[in-house]
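The values are calculated or read from the model by the stated rules, or taken from the named source; none is laboratory data. Just so it is clear, the model here is predicted, and its values are computed rather than measured. Every residue, glycine among them, receives a Cβ derived from its backbone with ideal geometry; neighbour counts consider all protein chains shown. Surface areas here come from the heavy atoms of the whole protein model, side chains and all, with no ligands, DNA or RNA. Shrake-Rupley method; radii C 1.70, N 1.55, O 1.52, S 1.80 Å.
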Amino acid sequence: LLPFALLLTLIMIGGIVWVSRRRLSPRGELAIAVGKREFVVHYQPVIHLPTGACVGAEALVRWRRPDGSLVRPDLFIPLAEDSGLIKPITDQVIDSVLDELGPTLAADATMHVAINLCADDIRTGRAVRVIARKLEGKELQAGQLLLEATERGFIDVEAARTTIGQARAAGHSLAIDDFGTGYSSLQYLQSLPLDALKIDKSFVETIGLDSATSSVTDHIISMARALGLLLIAEGVETQAQADYLRARGVDFAQGWLFAKAMPAADFLAFHQQRRAQ
Ligand code: C2E
Ligand code: CA
Ligand code: CA
Ligand code: CA
């Protein structure tokens with residue numbers, strides 16, 4: 001009788017949780033997901049174009065719902081940013097990166113991982129402090145972590161400058177993500193000590209189409225070079241795009257031509273196969 005009563009209680013509790021969860025607002029659901037750490041990180045290989053070697057990855061978050069389905073980040077990151085839940089999500093991404101790739105990063109100093117930071121963390125420097133604390137006692141180097149942020153993070157130029165200074169002092173590199181897709185000012189780009197620029201997929205897509213649109217890509221490349229920024233192209237889907245970028249001196253690329261984002265174990269196997277010799 002006792003096991004039966006226990007089973008009944010469990011079913012009832014499960015039912016209550018299920019019903020209450022169904023009635024929650026999207027924000028409420030996301031808050032519960034944060035509490036239950038329902039986020040997983042997939043890793044998209046970053047390729048050195050001249051050699052084809054895999055030099056690292058970008059960490060891309062997914063929300064794994066209790067039913068096992070994966071929710072794409074663009075479906076919950078905007079809500080997470082508006083509600084402030086992005087901060088604990090960022091922290092969980094950092095934890096996953098250090099847990100899943102930490103040992104390999106420590107053993108292979110040439111391997112890098114890029115982490116996406118939200119605009120607010122660029123303004124306040126919060127994530128940089130969190131990373132510093134989590135790196136204590138770890139063997140990997142801060143320089144193996146590349147921090148990415150979109151233009152929105154750099155609107156408050158003075159605040160961004162302070163955070164970038166702290167991040168660089170800690171040893172990290174900083175990349176401007178999705179450059180040219182949002183609020184852009186060449187002035188701030190020139191005045192901030194950034195390390196890298198990621199060429200958005202929307203520009204890579206224009207390569208080989210009409211010359212007017214793809215010349216924007218050329219301009220981004222020459223501007224980045226003038227500013228001494230390392231270039232990483234994203235969304236590379238065809239060999240023609242890879243060849244074009246490589247011919248223009250873009251050294252790094254990610255995209256489905258090489259690999260999609262994948263779970264840590266798959267990424268580590270991919271990296272092992274294709275790491276720099
Ligand atoms: P992003 O930072 O620009 O990341 C690149 C996106 O392009 C990823 O989508 C990636 O899977 C996708 N992608 C890469 N190669 C190709 C390709 O060849 N073709 C196509 N069609 N797509 C490609 P994903 O993983 O869905 O991420 C979407 C966005 O969500 C990211 O764009 C980023 O802005 C945001 N995001 C992802 N993870 C995080 C995170 O941990 N923190 C924050 N703040 N934002 C994140
Ligand atoms: Ca990114
Ligand atoms: Ca990007
Ligand atoms: Ca993008």
Within segment 248-259, is there a residue that is of a type in the set (Phe, Trp, Tyr) and either in a helix (DSSP H, G or I) or in contact with a Cys (Cβ under 7 Å, 6 or more places away or on another chain) (or both)? no
If residue 187 meets every condition in (1) touching a Ser or Thr at 6+ places or on another chain (Cβ under 6 Å); (2) surrounded by fewer than 16 Cβ atoms within 10 Å (Cβ to Cβ) apart from one, which number is that one? (1)
Answer from 153, 165 - the residue that is more than 15 Å from ligand 2 (Cβ to nearest atom), open to solvent by less than 50 Å² (accessible area, probe 1.4 Å), at negative phi and not in a strand (DSSP E or B): 165
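From the list 178, 200, which one is crowded, with 16+ Cβ neighbours inside 10 Å, within 16 Å of ligand 3 (Cβ to nearest atom) and on the phi > 0 side of the Ramachandran plot?
The match here is 178.
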Please specify each residue of segment 223-247 satisfying the condition of being among the acidic types (Asp, Glu) and open to solvent by less than 40 Å² (accessible area, probe 1.4 Å). 234
For residues that are assigned to a helix (DSSP H, G or I), within 21 Å of residue 250 (Cβ to Cβ) and in contact with a helix residue (DSSP H, G or I) (Cβ under 6 Å, 6 or more places away or on another chain), tally how many sit in segment 175-199. 0
Out of (1) more than 16 Å from ligand 2 (Cβ to nearest atom); (2) under 20 Å from residue 249 (Cβ atoms); (3) open to solvent by 50 Å² or more (accessible area, probe 1.4 Å), what's the single condition that is false for residue 214? (3)
Right, residue 28: open to solvent by less than 10 Å² (accessible area, probe 1.4 Å), out of contact with any helix residue (DSSP H, G or I) (no Cβ under 8 Å at 6 or more places or on another chain) and assigned to a helix (DSSP H, G or I) or not? no
May I ask you to say which residue of 88, 78 is more than 30 Å from residue 248 (Cα to Cα), open to solvent by 20 Å² or more (accessible area, probe 1.4 Å) and touching a Gly at 6+ places or on another chain (Cβ under 9 Å)? 88
